[in-house]
Amino acid sequence: MNEQPPVISPAVDALTADPTATDNGSAALPSSEITSAQVENYLRKHPEFFHEHLSLLEHMSIPHPTGNAVSLISKQLELFRSRHHDMENQLTALIEIARDNDTSLNRMHKLTLALLDSTSLEEAVANLEVVLSEYFLIDFVAVRIIKHNPTPETAITNLFIEPDSKDLEPFANELAGHQPKCGRPTIAQARVLFGELAFEVKSCAIIPLAFTELEGILAIGSREEGRFHYSMGNLFLNQMSEIIATRLITLLQQR
C-alpha cells in the first residue's frame, strides 16, 4: 500500500559515524569515557554551543528551582514538546496516506491502459489478471458476468453465470447491497469464484458489478488473511469496478 530514500548527511549520522574519530582526524576518547566534568568544561569554553545546536534543547530537561511549586517555564516546555511530537506524528501519517494514494492512482492508471488495450472480452480478462497480479500483487482474480452466454464456445471458463443459477445464492447480500465486501469468503463463495483454489484464499474483496448494461461480480483474493479486511475503505474498489465494467460493457456489445 515509489519513494526515494532520504539522504542522510555523513556529518550528522550518529549511527554510521566513527565514534573514535574527530574532525581533524585525531583519536578521541570513546563516548563511554567522557565524564560530566569534561562536558561542563567544554560548555564553559563554548558558551555559544546551543546557539548553533538549538534543536538539542527540545530533548533536554533543564531544571528551574522553584521549591515545592511547579515551574511555569518547565510546564510550558513540556506542553510544547508534546504538541510538537503530536504534530510530527500527524504529519508522518498524512505523508504515508499521500504515498499510498499516489501508489493506488498509478496502479489504477496501469489497469485502465490494460483494459483500453484489450480488443476482446477474453483479452480484457487476461490483461486484468496480469495487471492485478503484477501491479496490485493480487493472488487470485475472478470475473463473473450474470448473463446468458450468447457464445458458449468462449475460451474463458465460467465467465458467465445464468441469472437463475444457484451459484448466485452465496452472493445475495453483496449483490443486493451494491457495495464491496472485504474479508474471508465463505466456502460456497470461494468455490464459485476460485474453483479448486478455494481453500487457498484466506481473504478477498467481493465487488458487485451493478450497472444498467452489466451485472456481475469481480473478486480479488489473497493468501494473506489480513490483506482484505472488513474495515477497509471502498473508494478504490468502487473506482476499479467502474473502470472494469465500463470496458466489459463495450466489449460485450461488440460480440
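Skip the ligands, DNA and RNA, and give the accessible area per residue of the range 96-255 with a 1.4 Å probe, whole Å².
That works out to 54 Å² per residue.
Carbon and sulfur together cover what percent of the accessible area of the range 123-255 at a 1.4 Å probe radius?
C and S fraction of accessible area: 50 percent.
Pairs of alpha-carbon atoms within less than 8 angstrom and 6+ residues apart define the contacts here; what relative contact order does the range 140-255 have, in percent?
27 percent
Sequence-distant or interchain residues sharing an amide H contact under 5 Å with I161, placed H: which?
It is I145, I146, K147, by chain and number.
Mind grabbing the base-10 log of I(q)/I(0) for the range 98-253 at q = 0.11, 0.17, 0.18 Å⁻¹? Debye formula, identical points on the C-alpha positions, no solvent, two decimal places.
-0.39, -1.02, -1.16
Count charges around E134 for me, please; just the other residues with Cβ under 11 Å from its Cβ, Lys/Arg as +1, Asp/Glu as -1.
After counting each charged neighbour, the total is +1.
What full-extension length gain, to one decimal in nm, is calculated for R223 and T119 as 0.36 nm per residue of separation minus the Cα-Cα distance?
Value of the extension gain: 34.3 nm.
Restricting to Cα pairs below 8 Å that are 6+ residues apart, what does the relative contact order work out to for the range 100-181? Please round to a whole percent.
Here the relative contact order equals 18 percent.
Working with all protein chains in place, sort S55, S241 by solvent-accessible area computed with a 1.4 Å probe, largest first.
S55, S241
The values are calculated or read from the model by the stated rules, or taken from the named source; none is laboratory data. Bear in mind the structure is a predicted one, so any value in this text is a computation, not a measurement. Virtual Cβ from ideal backbone geometry, glycine too; neighbours counted across all protein chains shown. Accessible surface is based on the protein model in full, side chains and every heavy atom, while ligands, DNA and RNA are left aside. Shrake-Rupley method; radii C 1.70, N 1.55, O 1.52, S 1.80 Å.
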